[in-house]
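For reference, the structure is listed below as structure tokens.
The values are calculated or read from the model by the stated rules, or taken from the named source; none is laboratory data. Source: prediction; values computed, not measured. All Cβ positions, glycine included, derive from the backbone under ideal geometry; neighbour counts span all protein chains shown. To get the accessible areas, we keep the full protein, side chains included, count just its heavy atoms, and leave off ligands, DNA and RNA. Shrake-Rupley method; radii C 1.70, N 1.55, O 1.52, S 1.80 Å.
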Amino acid sequence: MNKSLHTTTLEGHLERITYYNAENHYTIAKVKTIKTHNLVTIVGSMVAVSPGQALKIKGAWETHPKYGQQFKIKSYEVTLPATIDGIRKYLESGFIKGIGPSMANRMVSRFGAGTFEIIEKNPEKLLEVEGIGKAKAALICNAWKDHHVARDLMQFLQEMGVNTSYCAKILREYGMDAVKIIRSDPYRLSTDISEIGFYFADTIAQKLGAPKDDPRRVRRCIIHLLQQFANQGHVFAYENQLFERCINLFQIERDITRDALNALSAAGELVIENAADNHDSRTVYLKTFHQAETGIANRLKALLSVPVIPPGIDTERISTEVQKKLAITLSSEQLNVLKEILSHRAVIITGGPGTGKTTLIRSINAVFAALGKHVLLAAPTGRAARRLSEVTRRKAKTIHRLLGYNFKEDLFDKNQDNPLDADAVIIDEASMVDTLLMFHLIQAVPMTSVLILVGDIFQLPSVGPGNVLSDMIKSTRTPVFYLKKIFRQAHESPIIVNAHRIRQGEFPLLKPLDDSEDLSEFYFLEQNDPDKVVSTIVKLCSKAIPMRFDLDPVQEVQVLTPMHKGVVGTTNLNQVLQKVLNPNPVMIETRGNTFKLGDKVMHLINNYQKEVFNGDIGTISAIDRKKEVLSVDYYGRIVIYDFAAMDEISLAYAISVHKSQGSEYPAVIVPIMHQHFVLLQRNLLYTAITRGKNLVILIGTKKALSIAINNNKPKKRLSGLAFRLMGD
């Protein structure tokens, strides 16, 4: 898209609105200019505008590759007409329901050029107009106020130089007094409306002249920094880190920060403790994370202290029951693990691919069934739960669904007072469980039950804060069973062999993808030019893999990349692959994204109302422009999205390695370039490779591959769980 940097002013009358998104006010409209009377397209955020209104718009011209020249809105104002005819047309524009041409004519005939002043300052005089009673007068007055409050808020936000897309959310929260409330305390925005961050509120506060050491600013700044730490996976921050960032980023002195920390602690918003591993600083927790971390430690220690009644089953009977129900002969290692599990309240099973974790889960189910025990199966994501259900042929749920999560009240139905009805709870992909979710899970596990956590600690840690599974293992408080033996069938798989080599810091055994008829599961293509990597991925997806491996390039091939930005990031790869793999002309454009009928898409946030979860992948099955809805088929279940909710999905021809956790795909393609330097880590490469079931193709440089393999020091997450578990 070609853009002009020159800001200019456009004046004209709004002719029609061709598109409007009520959530973010993104508008596409036609304006007839005053000077030339030409009809031009304007695009950008607008609120409370109606056809017929006079507009004064500041912005810049740009050329869209498909729609041609457009005027990009930077700010605007609605100019109230001064002439009798202009006032009449303004009232007829439709922003006040119930005022048609005849009513507008009677109002203007009665009040003339003072019509607007009467509506705003003396609405009781409206009763002098034929056809207007008290109810109609109140309706007109309220509609006028609503209309102008929204417009005034939009203009206020524009004057403050902040994103106007939050206008509707602010109005819903504060109503008629929105601007007044924001002016009195801008920092309320970051507290009252979760999507609005500290920077948004601080920008307004600074524009309004708030001092940098305003106590409200300092407190919100600390909360903002702790939330940033949480977004990076940390459960707490060191006090010294907060001092440093407050000084360097926000010009807040150390003593002022310390006073604010103490005030927040006294108010119960934070918990400050002496650091177990850093005597020069204290740890600072958001209250929620402190409750979760201490809650996990206390509940797990309590669970482990409850004696286990011997089940009265030996290894011979275990072997017999598994053989009878599953037709599987267990190894001596697996038999010993199974027998040990029966004598503990909580255990961890960990191991790489091909070491028999899934077989153990199936066998545990068989043994508990033979003992008449009730077992519940769950996993952190919908995809992982579906996989667990497929391999065990038993019902498995997401942990949220298992605990009866109520999205409206943000509460779990199952808890310490209303525990799960189970003799054993098995959680697969446990490395993905973060601190908050583990807290709610362990609270709901009855003291008479057995908790079995199964996961691979060498994979990437959870997206949310904490390093729960690794911390539990590190503490040595919970019995841990390491599965190390790779079974014969798995030993023959180049994917599994190379995954274990990478896990141990060894270079994988590489094979080029040539014209040989001898097909393998693992290939490496040497390429150091990012543009050529992209074109190679396109050829693999569109031709080579479908032809040689008979795989569907959309449904069975998944591109995994470390980054979102750049030539080989998810954004560019998705756009390129969409053009090649989906020529369907039926499409919808929103927020700069284009979605086509038949597109592969991913849901980005947990939506418990729709029963679709972060990372679920589906296919766009319908686009209805009249109803402004889009339908996505997730594993045979149709989910409907309003056009206003399109930010909940993204194209999924290429996804990040982090988003692939808990999933398995028939084939994966992984670009690994030196440009990914910041993210090149052994656990990331290992996670990407272990997502491939039948085929893995790496594209990039051996240097980048070597960097990733040798970088076995992932960024340390700040968590106190291991120390709490080790304590009495």
Picked from the range 542-570 (must be free of Cβ contacts under 8 Å to residues at least 12 places away in the same chain and open to solvent by 80 Å² or more (accessible area, probe 1.4 Å)), the residue nearest to the chain's Cα centre (by Cα) is Lys565
Thr18 passes all but one of the listed conditions (1) open to solvent by 20 Å² or more (accessible area, probe 1.4 Å); (2) at pLDDT below 80; (3) of a type in the set (S, T, N, Q); the exception is number (2)
Query raised in the report: Lys626: exposed (fewer than 15 other Cβ atoms within 10 Å of the Cβ), charged (D, E, K, R) and not in a strand (DSSP E or B), yes or no?
Result: yes
Among residues of the range 572-613 being crowded, with 18+ Cβ neighbours inside 10 Å and among the aromatic types (Phe, Trp, Tyr), the residue farthest from Ile399 (Cα to Cα) is Phe595
Residue pairs qualifying under the 6 Å Cβ cut-off, at least six apart or on distinct chains, with the first in the range 475-498 being assigned to a strand (DSSP E or B) and modelled with pLDDT under 90 and the second being among the aliphatic types (A, V, I, L, M) and open to solvent by 30 Å² or more (accessible area, probe 1.4 Å), are none
Checked the range 289-339 for anything over 30 Å from Phe439 (Cβ atoms) and loosely packed, with under 12 Cβ neighbours inside 10 Å; matches are Pro310, Gly312, Asp314, Glu316, Lys324, Ala327, Thr329, Ser332
* Tell me, yes or no, whether the range 278-285 has at least one residue that is open to solvent by 50 Å² or more (accessible area, probe 1.4 Å), in contact (Cβ under 8 Å) with a residue 12 or more places away in the chain and under 26 Å from the mean Cα position of the chain (by Cα). => no
Apart from one, (1) more than 19 Å from Ile605 (Cα to Cα); (2) part of a helix (DSSP H, G or I); (3) out of contact with any Gly (no Cβ under 9 Å at 6 or more places or on another chain) all hold for Arg387; the odd one out is (3)
When the range 457-497 is checked residue by residue, the ones that are within 24 Å of Gln232 (Cβ to Cβ) and open to solvent by 10 Å² or more (accessible area, probe 1.4 Å) are Ile457, Phe458, Gln459, Pro461, Val463, Gly464, Pro465, Asn467, Ser470, Asp471, Ile473, Lys474
Counting only residues in the range 131-156 that are modelled with pLDDT under 85 and basic (Lys, Arg), the one least open to solvent (accessible area, probe 1.4 Å) is identified as Arg151
Turns out the helices (runs of 4 or more DSSP H) fully within the range 149-202 with at least 1 residues that are touching a residue at least 40 places away in the same chain (Cβ under 8 Å), within 24 Å of Glu120 (Cβ to Cβ) and touching a His at 6+ places or on another chain (Cβ under 7 Å) are 167-174
Checked the range 419-430 for anything touching a residue at least 60 places away in the same chain (Cβ under 8 Å) and under 27 Å from the mean Cα position of the chain (by Cα); matches are Ile426, Asp428, Glu429, Ala430
Counting only residues that are more than 15 Å from the chain's Cα centre (by Cα), over 27 Å from His25 (Cβ atoms) and not in a loop (DSSP other than H, G, I, E, B), the range 579-618 contains a total of 5
With criteria (1) surrounded by fewer than 17 Cβ atoms within 10 Å (Cβ to Cβ); (2) within 31 Å of the chain's Cα centre (by Cα); (3) of a type in the set (A, V, I, L, M), Leu509 comes up short on (2)
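Taking the stated definitions as given, is Ile96 surrounded by 17 or more Cβ atoms within 10 Å (Cβ to Cβ), at pLDDT below 75 and not in a helix (DSSP H, G or I)?
yes
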How many residues of the range 390-440 are open to solvent by 30 Å² or more (accessible area, probe 1.4 Å), closer than 27 Å to Leu718 by Cα, touching a Pro at 6+ places or on another chain (Cβ under 8 Å) and assigned to a loop (DSSP other than H, G, I, E, B)? The answer is 1
Cβ pairs under 7 Å, 6+ apart or interchain, first in the range 45-70 and closer than 16 Å to Thr18 by Cα, second open to solvent by 30 Å² or more (accessible area, probe 1.4 Å) and charged (D, E, K, R), ordered by first then second residue, are Pro51/Glu15; Pro51/Arg16; Gly52/Lys89; Gly52/Glu92
If we keep only residues of the range 350-369 that are part of a helix (DSSP H, G or I) and open to solvent by less than 30 Å² (accessible area, probe 1.4 Å), then the residue nearest to Leu453 (Cα to Cα) is Ile361
Given (1) under 23 Å from Arg383 (Cβ atoms); (2) surrounded by fewer than 20 Cβ atoms within 10 Å (Cβ to Cβ); (3) aliphatic (A, V, I, L, M); (4) at pLDDT 90 or above, Val454 misses just (2)
Flagged in the range 546-578 as assigned to a helix (DSSP H, G or I) and aliphatic (A, V, I, L, M), in numbering order, are Met547, Leu573, Val576, Leu577
Of the residues in the range 120-130 that are out of contact with any Cys (no Cβ under 7 Å at 6 or more places or on another chain) and within 30 Å of Met46 (Cα to Cα), the one that is least open to solvent (accessible area, probe 1.4 Å) is Leu126
Selection from the range 55-77 of residues open to solvent by 20 Å² or more (accessible area, probe 1.4 Å) and within 21 Å of Lys89 (Cα to Cα) yields Lys56, Glu77
Residues of the range 646-661 being of a type outside the set (Asp, Glu) and open to solvent by 30 Å² or more (accessible area, probe 1.4 Å), in sequence order, are Ser650, His658, Lys659
Residues of the range 256-277 being of a type in the set (A, V, I, L, M) and open to solvent by less than 70 Å² (accessible area, probe 1.4 Å), in sequence order, are Ile256, Ala260, Leu261, Ala263, Leu264, Leu270, Val271, Ile272, Ala275, Ala276
Per the list (1) within 25 Å of Asp152 (Cα to Cα); (2) touching a Ser or Thr at 6+ places or on another chain (Cβ under 7 Å); (3) charged (D, E, K, R), residue check on Lys121 breaks on (2)
